[in-house]
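Enquirer: First, the structure itself, so that you have it in front of you.
What follows draws every value from the coordinates through simple rules; no lab data is involved. Remember, predicted model here, so these are calculated numbers, not experimental data. With ideal geometry, Cβ positions are generated from the backbone for all residues, glycine too; neighbour counts draw on all protein chains shown.
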Amino acid sequence: MGKMAATVGSVATLAAEPGEDAFRKLFRFYRQSRPGTADLGAVIDFSAAHAACGTGPCAHKVQTEELPAPPVTSPCSLEGLQGFVFIPNPFLPGYQWHWVKQCLKLYSQKPNVCNLDKHMTQEETQDLWEQSKEFLRYKEANKRRPRSLLEKLRWVTLGYHYNWDSKKYSADHYTPFPSDLAFLSEQVATACGFQGFRAEAGILNYYRLDSTLGIHVDRSELDHSKPLLSFSFGQSAIFLLGGLKRDEEPTAMFMHSGDIMVMSGFSRLLNHAVPRVLPSPQGDSLPCCLEMPLPAVLPRDSVVEPCSEEDWQVCTSYLKTARVNMTVRQVLATDQDFPLEPMEEKKRDITTEGFCYLDDESSQVKRVKLNPDS
């Protein structure tokens, strides 16, 4: 209890920089936080919500959420934030292996667009997995070597591509949405009461330990009545969920491997950000939930595919110092089409970074700052 009070006090007395709002102030606090200290004492841990209830200033906000078709674990919500549902890791043992492998090996392939396309040819980014797997497999033997292409990957778009310059989706650069991810997303949406959800666009964010995701609102989808789904894998991170305006102080929570977040209704257009990816307390190691392999025999109707030991060795090397987040959206309402755009809009570079970007301290690319009003 004393550590919690110390944390709240340190946050409250944190000096604001000129022009800094309440969200940015807390973002900066957690960006500079020290794992293993009282700095993280006020961060909600939904995987241990039952133990946190009744202690600390934020615990009273956590409540059990009743869903039409509840998943394996008990979903939670936050009092006063209608439409926000947090599902602590509902994946069966070993099943996260499939999604990690897909994000690194399959979803990163062409024709999907990624941040590396801005500075490299399509031939150079054709198969990031094949170009990187040997580097990652023997990473322990030479930690000082340059980063592989997979380690330089920051984002990939699926389905309708998001134009980072115009902040709009376009049908001109559509790539087939992965059927397994569509199935997973539609199952989660249905469990939360959203019948008929269509997975039309996905943004995969690849975080290093020094990466952050700037404060933003996901409002570019043309239909806001459908939920935003978020899936996390790998190292844990701190997620900040604020209000409609930046002067509202956000709530901090942990995102662990396998956790799912659903933002709908009122929470669909709230400010949010990721100020910190947390290194494993045990050093270079994986979360416990990733240590158990996939079952040798999978159900015949399963969308999950086997993952070889060789492939998982590459994934393990990558995830020891990284996390991957998949966000899935329905862009259009039923029977809705994209509005016609001027020709100048279509000519803009589709890989220009400038909205909801991942930033890290070691990046050599000059990044456009996030628009505070985005």
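Enquirer: From the phi angles alone, apply the Karplus equation (6.51, -1.76, 1.60; θ = phi - 60°) to the range 188-205 and give each ³J(HN,Hα) in whole Hz, x where the residue is Gly or Pro.
Expert: 5, 4, 5, 4, 8, x, 9, 5, x, 4, 10, 7, 10, 8, x, 10, 9, 10
Enquirer: Kindly state, as a whole number, the per residue volume in cubic angstrom of the convex hull around the alpha carbon atoms of the range 42-360.
Expert: Residue-normalised Cα hull volume stands at 142 Å³.
Enquirer: Excluding Gln82 itself, what net charge comes from residues whose Cβ is under 12 Å from its Cβ, given Lys and Arg +1 and Asp and Glu -1?
Expert: Numbers: positive: Arg268; negative: Glu65, Glu79.
Net charge in that neighbourhood comes out at -1.
Enquirer: I've got another one for you. Note down the nm distance, to one decimal, between modelled labels 7 Å out along Cα→Cβ at Glu134 and at Ala333.
Expert: With each label placed 7 Å out from Cα toward Cβ, I get 5.4 nm.
Enquirer: Tell me, what is the percent relative contact order of the range 42-360, built from C-alpha pairs under 8 Å that lie six or more residues apart?
Expert: 26 percent
Enquirer: Run the simple label-point estimate for Asp359 and Ser74 please: 7 Å along Cα→C-beta, distance reported in nm.
Expert: The modelled label-to-label distance comes out at 3.9 nm.
Enquirer: Right, another one. Does the range 267-316 come out rounded, prolate or oblate by the C-alpha gyration tensor, with a ≥ b ≥ c the root eigenvalues, rounded set by a/c under 1.5 and, if not, prolate when a/b is larger than b/c and oblate if not?
Expert: Since a/c reaches 1.5 but b/c is at least a/b, the shape of the range 267-316 is classed as oblate.
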